[in-house]
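Please treat every number below as a calculation from the coordinates, not as lab data. From a predicted model like this one, the values you see are computed outputs, not experimental measurements. All Cβ positions, glycine included, derive from the backbone under ideal geometry; neighbour counts span all protein chains shown.
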Amino acid sequence: MTRQLRTRALSSTFEPLTAVADDPGRSRLGVVRFAGTSFNPVVDSGHPELTVHLAQEGSGFAEVWTTTRGVESGEHKAIAYAHDGEYLFCAGRIPPCDEHTYAGRLAFRAALELAGRLGYPHVFRMWNYLQDLSPRTYREFLLGQAEAFARRPVTWSGLAAATVVGSLGGGIAFHLLACRTGEPVTIISPSGARAVYTHGQLYFSAPSLDDAEELMSAANLAQWGVEDGFGLHDVSSLKIYARRPGDLAGVEARLGPGTSVAYLQAAQLRDGCAVEFEGVAG
């Protein structure tokens, strides 16, 4: 499969909040708006939209997931979703509460019940945005999430395929991707970089671009039984989470000219981690 064909599968780009443009020949599978407030997910114009409080007023953007297939959308127990026959996008929000395990279990039971009913058994990528992120709150939420997965007919690549950062408010916002066919492969490197490989694309998270480059190399992927390899020029979209504004240094010079890049200031779970790079290659 060529790189050109791969870009026609599932992809994400970043657009201004006020002008999310249509892409001819592609359908929106889901939109995540990083803004100065938070809203419950809704289905709008045939696709789900989730608003995460993770930007200051006037500096937000939208991450737009698209596919070449037509999509069907709907809502199920406060979960907004869309699917195209191969990929499923689900989004939900848990209002601020003290019972993170209970609330996480209920929310993910609804999402996984939906994935099973629609026939998307492989959950391969998740994003969790927690207000007041701490090891305790995330541990409690993760326990509820794990309990939900244990009772549903879906697979999960676990922490290696999940991103968790702190939000500025709104409780817990989350969204996930699942696929119908294939067997997603979790990739981990000694540096702590992690990824999941499915359908010729690598969904990765790493503490530096050097670590990301090592993670996606053909030599590292071969150790996990994947006959493929990528370079930074193959990254199609990249989000950069940083603790402080000064950590948001430009990285475009190391990327390909077609890479869509977005920056966010966000609290992170690991104390020693100032920056987190998260994106898609292939």
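Model label sites at ILE188 and ARG139, defined 7 Å from Cα along the beta-carbon direction, differ in position by 1.9 nm. In plain terms, the chain from ASP23 to ALA274 could stretch by 86.9 nm, reckoned as 0.36 nm per residue minus the Cα-Cα distance. One chain, two ends: ASP44 and GLU99. Fully extended at 0.36 nm per residue, the span grows by 16.8 nm beyond their Cα-Cα distance. When the alpha carbon gyration tensor of the stretch 1-129 is reduced to an equivalent ellipsoid, its three semi-axes come out at 24, 20, 12 angstrom, largest first. Remark on the chain: Rg and Dmax equal 17.3, 48 Å (Cα only).
Between THR181 and ARG69, the simple spin-label model (points 7 angstrom out along Cα→Cβ) gives 0.9 nm. For the stretch 165-282, the convex hull drawn through the C-alpha positions has a volume of 114 cubic angstrom per residue.
Write down the Kirkwood hydrodynamic radius of the stretch 97-139, to one decimal in angstroms, obtained as one divided by the mean of 1/r over all alpha carbon pairs.
Values: mean 1/r = 0.0837 Å⁻¹.
For the stretch 97-139, inverting the mean 1/r across all distinct Cα pairs yields 11.9 Å.
Here the chain carries DSSP beta bridges of which approximately 75% are antiparallel, counting only pairs with both residues inside. Summing +1 for each Lys or Arg and -1 for each Asp or Glu, what net charge is found among the other residues whose Cβ lies under 13 Å from the Cβ of PRO16? The answer is -1. Suppose R0 equals 25 Å. What FRET efficiency, 1/(1 + (r/R0)^6) with r the Cβ-Cβ distance, do ALA78 and THR155 give to the nearest 0.05? Between ALA78 and THR155 the formula returns 0.60. Taking PRO207, PRO135, PRO24 as the candidate residues, the one with maximal mean-square fluctuation in a Gaussian network model of the chain, Cα springs under 10 Å, is PRO24. Under a Gaussian network description of the chain, with springs only between Cα atoms under 10 Å, the residue in ARG152, ARG125, ARG93 that fluctuates furthest is ARG152. Convex hull volume of the C-alpha atoms in the stretch 57-205, normalised per residue: 131 Å³.
Got a sec? How would HIS175, HIS47 order by Cβ neighbour count within 10 Å, fewest to most?
HIS47, HIS175
Per-residue Karplus couplings for the stretch 205-221, computed as 6.51 cos²θ - 1.76 cosθ + 1.60 with θ equal to phi - 60°, are listed in order as 9, 8, x, 7, 5, 4, 5, 4, 5, 5, 4, 8, 5, 4, 5, 6, 4 Hz, Gly and Pro entered as x. Put simply, the amide H of GLY171, placed in the peptide plane, has neighbours under 5 Å in GLN131, leaving out anything fewer than 5 places away on its chain. Most mobile of ALA267, ALA253, ALA62 per a Gaussian network model of the chain (Cα springs, under 10 Å)? Checking each option, the largest mean-square fluctuation is seen for ALA253.
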